[in-house]
Amino acid sequence: MIHRASGHYSDAAALTAQRIALGKALFNDPHLSADGTIRCASCHIPEKGYTDGRRVAVGVEGRAGTRNTPSLVTIGVAQETSFFWDGRRSALDQAVLDPLTNPVEMGLDDQTELLQRVQQNAGDRQAFAQAFPDAKQAVTLEQIATVLADYVQSLKLPESAYDHYALHGDKTALNQRALLGLAIFKGKGRCAECHLLQGTPAMLTDHAFHRTGIGLDAIAQDLPRLTQGVIQRSLQGAAIGNRVATHADEAQLGRFNVTQDPADIGLFRTPSLRDVSQTAPYMHDGSVATLDEAIDREVYYRSLQAGHPLQLTVEERKDLKAFLETL
Ligand code: HEC
Ligand code: HEC
């Protein structure tokens, strides 16, 4: 009996491994884009922390979107429960399908076209049959979503210097500057109120939405027209993701695009700061080019917002940066 049980366990593990491998293959397959040139990994580049180094993403036929490509390595670790900068999806297996039909990302007409492309590929058909041995049908959308989500969820970084310090008690993992930075991050900087240090390893996000102050000034004059536009297009049934990626001004309304609650205008999800030194440029619209600027911006704006004006010296900002580089 024991042997049987462990046999089942390793069957399940082998199946998961197969699904992750299949997800990885799809993630790297340009044939799933309208013009055959764009794959998930065109924007989520492994060597760049699964971001693209661009201000905003560029998809099929050189079309630019409106948002900065987020890292995918934080999803599993931070146990994210909402996806995209405005949290418009609450399930990963929905989120992974959206880019395929987004007109400025992979540009397929619809999910039927996606399904046909995968089903027409003999190699894919065989791989899906192996990864889902009990399935009655040859390749379904749910299966595609499952393997992509399994792959994204499996992405992990090696342990960071801060992990060594916090998880393994290695007090030498952070140098003096980084230690001072950590104290500011937790203490007077109040960064850890949103970029939480809780979790094993630290999640560095509170999974919540906050007003950012970024991008909103430019559209402040135009709010009534823009919010009307969002409500109208949503009544017409346009997918939020496609709308947001093709209307830069409306994209700046953030979470309002999802809830249509005026209280949510300009709110964005707190990004995890894991690997943050590798993912420039920063913020939902990629408008902040460097980590130094991002720190200046957050020190100024967050303290203003909290009503506790915060003055950090040049040296203290360097400390904070040294700490962020250990994440
Ligand atoms: C053209 C560039 C581009 C391509 C191609 C692309 N993405 Fe993305 N991805 C983005 C951008 C930009 C966002 C953020 C969009 C937003 O928040 O509105 C994003 C967000 C995501 C998210 C949510 C991450 C989070 O932290 O909330 C997931 C998951 C994701 N992409 C997976 C994929 C998968 C899987 C593919 C391939 C099927 C893919 N992406 C293809 C640019 C791209
Ligand atoms: C009230 C919650 C809150 C506090 C406090 C806060 N942040 Fe943030 N942080 C956010 C949100 C939300 C964003 C995303 C803003 C956007 O994209 O418009 C963000 C973005 C960032 C980014 C850019 C990350 C990326 O991937 O683009 C950095 C770096 C950062 N914060 C550092 C800090 C530091 C350092 C502090 C302390 C001085 C701090 N934050 C305090 C909520 C917070």
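Each value in this text was obtained by applying a stated rule to the coordinates, not by laboratory testing. All figures in this text were calculated on a predicted structure; none of them were measured in a lab. Cβ sites come from the backbone with ideal geometry, for glycine too, and all protein chains shown count toward neighbours.
Using the Cα gyration tensor of the chain, with a ≥ b ≥ c the square roots of its eigenvalues, what is the shape: rounded (a/c below 1.5), prolate (a/b larger than b/c) or oblate (neither)? Oblate, since a/c reaches 1.5 and b/c is not below a/b. Listed by chain and number, the aspartates and glutamates whose C-alpha is less than 13 Å from the C-alpha of LYS48, apart from same-chain residues fewer than 8 away, are ASP275. Using the Kyte-Doolittle scale, which helices in the chain average at least -0.5 and also have C-alpha atoms spread 24 Å or more along the helix axis, with helices defined as whole DSSP H runs? What comes out of the filter, once short or polar helices are dropped, is 2-27.
In region 191-327 the Cα-Cα distances spread across 10 Å bins starting at 0 as 11, 37, 33, 16, 3, 0 percent of all pairs.
Would you order GLU80, GLU325 from fewest to most other beta-carbon atoms within 10 Å of each residue's own beta-carbon?
Ranked by crowding around the Cβ, least crowded first: GLU325, GLU80.
Centre-to-centre separation between the Cα atoms of region 15-33 and those of region 221-268: 33 Å.
The value of relative contact order for region 66-170, using C-alpha pairs under 8 Å at least six residues apart, is 29 percent.
Dividing the mean sequence gap of close Cα pairs (under 8 Å, 6+ apart) by how many residues the chain holds gives a relative contact order of 22 percent.
When every alpha-carbon pair in region 25-64 is counted, what percent end up more than 12 Å apart? Percent of Cα pairs beyond 12 Å in region 25-64: 56. Farthest toward the positive end of the dipole of region 216-267, out of GLY254, THR227, ASN242, is the Cα of ASN242, where the dipole comes from beta carbon charges about the Cα centre. For ILE295, ILE214, the sequence from fewest to most other C-beta atoms within 10 Å is ILE214, ILE295.
As a rough guide to protection, the peptides 137-143, 66-72 ranked by mean Cβ packing within 10 Å, highest first, stand as 66-72, 137-143.
Taking 20 °C and 1.002 mPa s as conditions, region 1-118 diffuses translationally at an estimated 136 µm²/s according to Stokes-Einstein applied to its Kirkwood radius (Cα pairs). Ordering ARG39, ARG88 by the number of other Cβ atoms within 10 Å of each residue's own Cβ, fewest first, gives ARG39, ARG88.
Straight-distance candidates among the lysines for linking to LYS186, with alpha-carbon spacing under 23 Å and chain neighbours fewer than 8 residues away dropped: LYS171, LYS318, LYS321.
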